[in-house]
Amino acid sequence: MRKIGLIGGMSFESTAVYYRLINEMVRERLGGFASADLLLHSVNFAEIVDMQKAGRWDLAAEHLAKSAHGLRAAGAECILICTNTMHLVAPEVQAAVDVPLIHVIDETARALTSKGLNRPLLLATRYTMEHGFYTERMKMLGIDVMVPDADDRTDIHNIIFNELCAGTVLETSRTRAIAMIEKAKAERADSIILGCTEICLLLDPSGLPLPGVDSTAIHATAAVDFALGQSPAKQAAA
């Protein structure tokens, strides 16, 4: 089993989901008391949020690259950034290590393509929806991503940061998110990307008005595939 390195804590709510899913899958595949060989560096999310709000992605890149370097020095054989938003600095993180960065966007695109889906609505943080790094990389992979309108982007961003990152799941917010999906369906979206690692706490991808893919579960599965030698991980493009 190869050792997995997780950069987590952004937020710790979703990192806990990664830890549980990875270990559950290893146990299911290997049986008995098997669990994952992994390392976790959980950063202080407050510091990362301050960098995001200030637009200091350069500092965030340095912070996560240092984390990745530490995980590699401790023996990690792959790296995962356990958040979609911080894949904005994935090239810098990959450059800091000589092992694969398993990229959440690439893995999510692969999952969509395998289902014959190519026009998904992206539900995510404002940074992920508006900074271009996500939609542009998806486009390179043959996926035409839709994003919600301005009001809906504000609402889903606030749901993520004010509720889900604090461990709060409200039925009113679930209803609001489903209304966004219904609107996208009317605009010919063919699927939904749960494109923030906390959204799996709010929405079940199997119970939505459109087919849903959960980036957290997809990313965790890719880590287990790599660790057990069942799928080659590709290094992120610079």
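The values are calculated or read from the model by the stated rules, or taken from the named source; none is laboratory data. Because the structure is predicted, anything quoted here is derived from the model rather than measured. SASA here: full protein model, heavy atoms, side chains in, ligands and nucleic acids out. Shrake-Rupley method; radii C 1.70, N 1.55, O 1.52, S 1.80 Å.
Under 22 Å from the Cα of Lys66, which lysines turn up, not counting those fewer than eight places away in the same chain?
The reachable lysines, counting only those whose Cα sits under 22 Å from Lys66, are Lys3, Lys53, Lys234.
Taking Lys185 as the anchor, which lysines have their alpha carbon closer than 29 Å to its alpha carbon, excluding any fewer than eight residues away along the same chain?
Lys115, Lys139
For the chain, what is the calculated [θ] at 222 nm in deg cm²/dmol (nearest 500), taking -39500 (n - 2.57) for each run of four or more DSSP H residues and dividing by its residue count? Can you show the working numbers first?
Working: 10 runs with 114 residues, N = 238.
Helix contribution divided over all residues of the chain: -14500 deg cm²/dmol.
May I ask you to give the percent of accessible area on the chain that is carbon plus sulfur, with a probe radius of 1.4 Å?
C and S atoms contribute 51 percent here.
Please give the per residue accessible area of the chain, computed with a probe of 1.4 Å over protein heavy atoms only, in Å².
Heavy-atom SASA per residue in the chain reads 43 Å².
For Val43, which sequence-distant residues (separation of 5 or more, or a different chain) have an amide H within less than 5 Å of its own amide H, given hydrogens modelled in the peptide plane?
Correct list: Gly8, Gly9.
Which label marks the calculated value of Rg and Dmax of the Cα atoms in Å, given the options [x] 17.6, 53; [y] 16.8, 50; [z] 16.8, 54?
Among [x] 17.6, 53; [y] 16.8, 50; [z] 16.8, 54, the one calculated here is [y].
Mind listing the phi-derived Karplus ³J(HN,Hα) values for the range 37-47, rounded to whole Hz, using 6.51, -1.76 and 1.60 with θ = phi - 60°, and x for any glycine or proline?
Karplus values, whole Hz, x for Gly and Pro: 8, 9, 10, 10, 10, 9, 7, 7, 4, 4, 5.
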